[in-house]
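What follows is one structure encoded as structure tokens, with my remarks underneath.
The values are calculated or read from the model by the stated rules, or taken from the named source; none is laboratory data. What you see is a predicted model, and the numbers here were worked out from it, not measured in a lab. All Cβ positions, glycine included, derive from the backbone under ideal geometry; neighbour counts span all protein chains shown.
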Amino acid sequence: MPEELDALLKEKRIFKPSAELLKNSNIYRWMEKNGIHGYDELLEEALKNPEWFWDELAGELEWFRPYNQIKKWDPPHAKWFLDGKFNIVHNALDRHARGPRKDKTAYIWEGESGEVQRLSYLELYREVNRFANALKKLGVSKGDTVSIYLPMIPELPIAMLACAKIGAPHSVVFSGFWAKAFKERINDAGSKVAITIDGFRRRGKLIRLKEAVDGILDETPTLEKLVVVKHEGLDLDMRKNRDIWWDEAVDGMEEDCETEEMDSEDLLFILYTSGTTGKPKGVVHVHGGYAVGVYATLKFVFDLKEDDIWWCAADIGWVTGHSYIVYGPLLLGATSILYEGTPNYPDPGRIWRMIEDYKVTVFYTAPTTVRMFMKYGTKWPEKHDLSSLRLLGSVGEPINPEAWIWYHKHIGGSKCPVMDTWWQTETGMHLITPLPISNLKPGSAVKPFPTVEADVLDDEGKHVKNGGGHLVIKSTWPSMFRTLYKDPERYVEAYWSKFPCVYLSGDVARVDEDGYFWVQGREDDVLNVAGHRISTAEVESALVSYHTVAEAAVVGKPHDVKGEDIYAFVMLKEGVKTGEELESILKDHVRKEIGPIATPSNIKIVSDLPKTRSGKIMRRVIKSLIKGEDVGDTSTLANPEAVDGLKKVL
């Protein structure tokens, strides 16, 4: 890989954990019990003996029958906790509902309109059992995949848990995707039963989801039954013998349901990664290893205690929601916030008000959300008491240092460490992440989780000492995906073929002199300017570090001489005036922060950037616009009007 510019590694600020946080943390107490002294010794011991580490943690969960082998690693294929009999729902729900946590709140759900519902572990257990029995009555058996297309309502985790309880893998589709994506996933999984909703509200607008689903069901030959949640009370066309209301399906069902004893390696869920373009990649996760991985990472990275109120502000339609809204918190017996709406509706104070109301102690969100609130300024969080917070988290993409500092200062009151986690749909759990005992550098994901061996390689497979390269994982880990559904050849080709026995993440990263990892973004988000490889994340971070900039998107436009020209689109903080002078100032700022070669040729000030409903900037759309190409379907955008705004400045 050609030499890259040395940019974000200039970040030298270090934040150390308080003595109180360190000594009271779950990981510190676990280390004390195991005679380990210090962060570096923990990583060293875990790398030397990963089976010891994972055996200790797997032993904290309940097994129907103990495993007889911890792992079998035949690259690129892994098995964990071999011959163990297990069900993730027994551990996430059954044991709590039958024990001292039965009356503890599992979920506090708040709807977009402000309605609130609380579910204890016992109440959740009963609802899951009723729906599991309903699924059985609809003909769902062990091994049958159920497709789920629901927004953030309690019925979504209930449906997932009910499926897993009876051994039926689930395939959840993000409710912001259009119905064609649901069709593709139903057909790939061969689902006989699917679950959707009459409608729901997003930013006050009614989304009539069932009607959209009706338009694709003639092209889903395996589907026999459609269960519909009555959420908005819409008057719908319910097709006889196919459609059934959720309430009617569970009516009269028993509140007890036997939990299926599964093999540790039995399929738990499929989660498709390709969005709405190309053939969906069905990532396969299994009961045993996945459970141990998400349990361990949530326990150690976010340090959840019995009295914590946990809020992972993601959508369950993504892997973050699977791992850290549904399965991880329930495995730990935690209380979680489940929120239906968007973070800035009806005003930018919504999530800060909720943190105050519910006394949230640990909060996990995306850098895009942090930068959005930077744009609004500090007045919104300052209206609310956020003193209950003790730990913050970041997920979804690299967080630039200035956003990290803003988050730490204005949300965390300069006292809450920020756990900047790197992981993927394929990994199932955090792989590179701080722990509460780590020293933190803003913008760095710090070091690999214990037992995980990460590296940065060049195209020849050699370690990159200076600059960026391919981020890879050289070890196996319990919650790694096992294959791609019905496509084992693609599994090998896409992830394991470039470097023998090494997982290729598709991300670009650097490692600094202290062994800290700095993830820069996807490999296809790297610009080639006059022979230099420049991460779009680097240029975006430089732009956002300027005090008037809230958010930036950087793309490349083909250039006959340089290879690519750098185009930047910038959103300003509220109340900031624009003009040609500002564009010149921003170019100078990037030149000073990174270097002349990374200076954008064009900087356009815009009021909005096209984003998915999960908050990710759609650079593909922006790149198509600057090339004069058709942007394609924009129905999955949260703000399609942003495309028109971009057209006006080009």
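Values for this structure:
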| read-out | value |
| --- | --- |
| Selection within region 354-383 - modelled with pLDDT of 95 or more, of a type outside the set (F, W, Y) and within 23 Å of V326 (Cα to Cα) | M354, I355, E356, D357, K359, V360, T361, V362, T365 |
| Pairs where the first residue, in region 217-229, is more than 14 Å from N187 (Cβ to Cβ) and the second is small (G, A, S) and assigned to a helix (DSSP H, G or I), C-beta under 8 Å, 6+ apart | V227/A134; V227/A249 |
| Members of region 198-216 found to be surrounded by 17 or more Cβ atoms within 10 Å (Cβ to Cβ) and under 23 Å from the mean Cα position of the chain (by Cα), listed by number | F200, R201, R202 |
| Strands (runs of 3 or more DSSP E) within region 311-408 that include 1 or more residues within 28 Å of F517 (Cα to Cα) | 362-365, 391-394 |
| Residue list for region 485-516, restricted to those being closer than 25 Å to A296 by Cβ and touching a helix residue (DSSP H, G or I) at 6+ places or on another chain (Cβ under 7 Å) | Y503, L504, G506, D507 |
| Residues of region 411-463 satisfying the condition of being acidic (D, E) and over 13 Å from I473 (Cβ atoms) | D420, D458, D459, E460 |
| Those residues of region 342-376 which are of a type in the set (V, I, T) and either farther than 19 Å from P329 by Cβ or touching a His at 6+ places or on another chain (Cβ under 6 Å) (or both), in sequence order | T342, T368, T369, V370 |
| So E255, is it modelled with pLDDT of 95 or more and assigned to a loop (DSSP other than H, G, I, E, B) | yes |
| Leading residue by the ranking (surrounded by the most Cβ atoms within 10 Å (Cβ to Cβ)) among those in region 565-589 that are of a type in the set (G, A, S) and more than 31 Å from the chain's Cα centre (by Cα) | S584 |
| Some residue of region 448-468 being hydroxyl-bearing (S, T, Y) and in contact with a strand residue (DSSP E or B) (Cβ under 7 Å, 6 or more places away or on another chain) | no |
| Options P442, P434; residue that is assigned to a loop (DSSP other than H, G, I, E, B) and either of a type in the set (G, A, S) or surrounded by fewer than 23 Cβ atoms within 10 Å (Cβ to Cβ) (or both) | P442 |
| Criterion violated by S541 - all others in (1) surrounded by fewer than 23 Cβ atoms within 10 Å (Cβ to Cβ); (2) touching a helix residue (DSSP H, G or I) at 6+ places or on another chain (Cβ under 9 Å); (3) within 24 Å of H430 (Cβ to Cβ) satisfied | (1) |
| Complete set of residues in region 409-426 that are among the charged types (D, E, K, R) and in a helix (DSSP H, G or I) | K409 |
| Count - residues of region 180-208 that are touching a residue at least 60 places away in the same chain (Cβ under 8 Å), among the small types (G, A, S) and farther than 30 Å from N344 by Cα | 1 |
| Test: residue in region 228-237 that is outside any loop (DSSP other than H, G, I, E, B) and either modelled with pLDDT of 95 or more or out of contact with any helix residue (DSSP H, G or I) (no Cβ under 9 Å at 6 or more places or on another chain) (or both) | yes |
| In region 269-315, the residues that are modelled with pLDDT under 95 and of a type in the set (D, E) | D315 |
| Of all residues making up region 479-505, the number that are in a strand (DSSP E or B) and touching a residue at least 40 places away in the same chain (Cβ under 8 Å) | 3 |
| Members of region 173-197 found to be closer than 21 Å to I153 by Cα and in a loop (DSSP other than H, G, I, E, B), listed by number | V173, F174, S175, G176, F177, W178 |
| L42 being surrounded by fewer than 20 Cβ atoms within 10 Å (Cβ to Cβ) and either touching a residue at least 60 places away in the same chain (Cβ under 8 Å) or of a type in the set (G, A, S) (or both) | no |
| Test: S624 is more than 15 Å from N400 (Cβ to Cβ), out of contact with any strand residue (DSSP E or B) (no Cβ under 8 Å at 6 or more places or on another chain) and modelled with pLDDT of 90 or more | no |
| Of residues in region 576-600 being without any contact (Cβ under 8 Å) to a residue 40 or more places away in the chain and assigned to a loop (DSSP other than H, G, I, E, B), the one nearest to A313 (Cα to Cα) | V576 |
| Y516 being more than 26 Å from K465 (Cα to Cα), buried (at least 16 other Cβ atoms within 10 Å of the Cβ) and hydroxyl-bearing (S, T, Y) | no |
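Matching residues to (1) assigned to a loop (DSSP other than H, G, I, E, B); (2) β-branched (V, I, T); (3) touching a helix residue (DSSP H, G or I) at 6+ places or on another chain (Cβ under 6 Å); (4) surrounded by 20 or more Cβ atoms within 10 Å (Cβ to Cβ):
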| position | (1), (2), (3), (4) |
| --- | --- |
| L93 | no, no, yes, yes |
| P100 | yes, no, no, no |
| L122 | no, no, yes, no |
| R126 | no, no, no, no |
| P151 | yes, no, no, yes |
| P157 | no, no, yes, yes |
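Each row is one residue, and each column tells you yes or no for (1) out of contact with any helix residue (DSSP H, G or I) (no Cβ under 9 Å at 6 or more places or on another chain); (2) outside the structural domain of I14 (by TED's automatic domain parsing); (3) closer than 23 Å to W30 by Cα.
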position: T427; (1), (2), (3): no, no, no
position: I432; (1), (2), (3): yes, no, yes
position: P442; (1), (2), (3): no, no, no
position: P448; (1), (2), (3): no, no, yes
position: V452; (1), (2), (3): no, no, yes
position: D455; (1), (2), (3): yes, no, no
position: H470; (1), (2), (3): no, no, no
position: T476; (1), (2), (3): no, no, yes
position: M480; (1), (2), (3): no, no, no
